[in-house]
Amino acid sequence: MPSLSDQPLIHHLQQFEFKTLPEVPDSHAWPVVNDHPHGDDAVPVIDLACPDAARLIGQACEEWGAFQITGHGVPVDLLDRLEAQTRRLFSLPTGQKLKAARSPGGVTGYGVANISAFFSKLFWSEGFTIVGSPHDEARKLWPDDSAEFCGAIEEYTSWMKPLGCRLMLLMVASLGVSAGDIDWPVPSKETTHEAALPVIQLNSYPACPDPDRAMGLAEHTDSSLFTILYQGNVRGLQLLHGNHPTGRARWVTVPPVAGALVVNVGDLSHILSNGRFQSVTHRAIVNRTQTRISVAYFYGPPAHFKISPIEKLMGPQQGPAYRAVTWPEYLTLKRRLYNQALASIRLPTEGEESRTNTSEMITAAYTRRHEEAKV
Ligand SMILES: C=C1C[C@]23C[C@@]1(O)CC[C@H]2[C@@]12CCC[C@@](C)(C(=O)O1)[C@H]2[C@@H]3C(=O)O
Ligand SMILES: O=C(O)CCC(=O)C(=O)O
Ligand SMILES: [Fe+2]
């Protein structure tokens, strides 16, 4: 796996003139993108108004690490405005977008996804990251005309915060744990608005002359507790689903459902649930005719809060599978290690621990005998 330091700065500064490209340049040409068998099994669609929602969500988190939600209450006209403003942003001239370019090592603004640094080929996409208030970044793009964009983002955020809390409570309930049983400040009425700073990622995947050789966003898991994704009505999101009779993981497309939002379980929920919930591996592919946009809202804990496996989920046979981490600590690991971040905080199981000790003892005994033989 290439490391960040191997990568040229071009990843941060590249120009995105996708529309003018008659073919996929070598810099963006991946070997074969659609190389996996595609499943026809479908990610669950769950109506939040359904009395059985917690159980269905728990099942989806375990089997898929993802689900779509309806009955979430977010007004359709707000989703339309959010989409229109996102398209307006990415339609700006490149020079204008680069005024808000993310600095190397920075988090907010216009640029490519962090994980791009781990690949030798570039993604067929552009992104814009907002942490907290959108005003500072938006002013760089539209010095006198950022009100409509900021209005849409802020209104959307005001729906995402309580929706995120509601989903978190349903996920925790599905584990048979009550909110009071865990350290995590499952937001009560008082704490709801003291949660983490909202992080929103706007993505644009321009139409592509050779979609089978271009990658919108390469496979990854999100670091968050979960991500609420608006994907409009253009297909492109794919999940890696392992529960197939053939035993082989398959890429499954998440079909756009009008008014629905996708929920992707992130690494922090995998840690919190001591491995019961999967953090779903997903990617975005591109198509020949339509520019696709998506808006990801990353739901995470407040920065200082340590996420660790819920104690009630552990028994005499099952200790914690991961050490405690804060979200910022984990984001740093993800930036450095990409898909090895989870493994880097995994704790050895009892068996593994005793095997390590045994192998250390054998090595020590061998070395001792070897040294004795030399004397
Ligand atoms: C909070 C965040 C999650 C994210 C890194 C970020 O600081 C903002 C961008 C996010 C994103 C979007 C595309 C995929 C991803 C892995 C990446 O490279 O940037 C995620 C990051 C993440 O979940 O770790
Ligand atoms: O565009 C999509 O469907 C996926 C976006 C995504 O995975 C992300 O922003 O983390
Ligand atoms: Fe993602």
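Details
Okay, residues lined up against (1) touching a Gly at 6+ places or on another chain (Cβ under 9 Å); (2) modelled with pLDDT of 95 or more; (3) under 27 Å from residue 114 (Cβ atoms):
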position	(1), (2), (3)
132	no, yes, yes
148	no, yes, no
160	no, yes, yes
203	yes, yes, yes
210	no, no, yes
213	no, no, yes
225	yes, yes, yes
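- Filter result (more than 28 Å from residue 157 (Cα to Cα) and within 14 Å of ligand 1 (Cβ to nearest atom)) within the stretch 207-258: 215
- Matching residues, the stretch 213-262, being in contact with a Cys (Cβ under 9 Å, 6 or more places away or on another chain) and away from ligand 2 (no atom under 12 Å from the Cβ): 214
Table: residues versus (1) more than 10 Å from ligand 1 (Cβ to nearest atom); (2) touching a Gly at 6+ places or on another chain (Cβ under 9 Å); (3) of a type in the set (Lys, Arg).
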position	(1), (2), (3)
96	yes, no, no
106	no, no, no
114	no, no, no
124	yes, yes, no
144	yes, no, no
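- Verdict on residue 264 being assigned to a strand (DSSP E or B), within 22 Å of residue 62 (Cβ to Cβ) and either within 16 Å of ligand 3 (Cβ to nearest atom) or among the hydroxyl-bearing types (Ser, Thr, Tyr) (or both): yes
- Filtered by the rule that a residue be closer than 26 Å to residue 30 by Cβ and away from ligand 3 (no atom under 14 Å from the Cβ), the stretch 119-132 gives 119, 120, 121, 122, 124, 126, 128.
- The residue list 302, 245, 256 contains one member that is surrounded by fewer than 22 Cβ atoms within 10 Å (Cβ to Cβ) and modelled with pLDDT of 95 or more, which is 256.
- Residues that are in a loop (DSSP other than H, G, I, E, B), within 16 Å of ligand 1 (Cβ to nearest atom) and free of Cβ contacts under 8 Å to residues at least 60 places away in the same chain within the stretch 295-325 comprise just one, 304.
- Boolean, residue 358 is at pLDDT 90 or above and either away from ligand 3 (no atom under 16 Å from the Cβ) or not in a loop (DSSP other than H, G, I, E, B) (or both): no
- Those residues of the stretch 79-132 which are polar (S, T, N, Q) and in contact with a Leu (Cβ under 7 Å, 6 or more places away or on another chain), in sequence order: 86, 96, 116, 125
- Number of the condition not met by residue 133 [criteria: (1) surrounded by 14 or more Cβ atoms within 10 Å (Cβ to Cβ); (2) in a helix (DSSP H, G or I)]: (2)
- Just one of the listed residues (273, 269) is under 28 Å from residue 333 (Cα atoms), away from ligand 1 (no atom under 15 Å from the Cβ) and hydroxyl-bearing (Ser, Thr, Tyr), namely 273.
- Candidate set: the stretch 152-171, residues that are more than 15 Å from residue 198 (Cβ to Cβ) and touching a residue at least 40 places away in the same chain (Cβ under 8 Å); chosen: the one surrounded by the fewest Cβ atoms within 10 Å (Cβ to Cβ): 166
The values are calculated or read from the model by the stated rules, or taken from the named source; none is laboratory data. All values derive from a computational prediction rather than experimental measurement. Methodologically, a virtual Cβ is constructed for each residue, glycine included, from the backbone with ideal geometry; neighbour enumeration extends over all protein chains shown.
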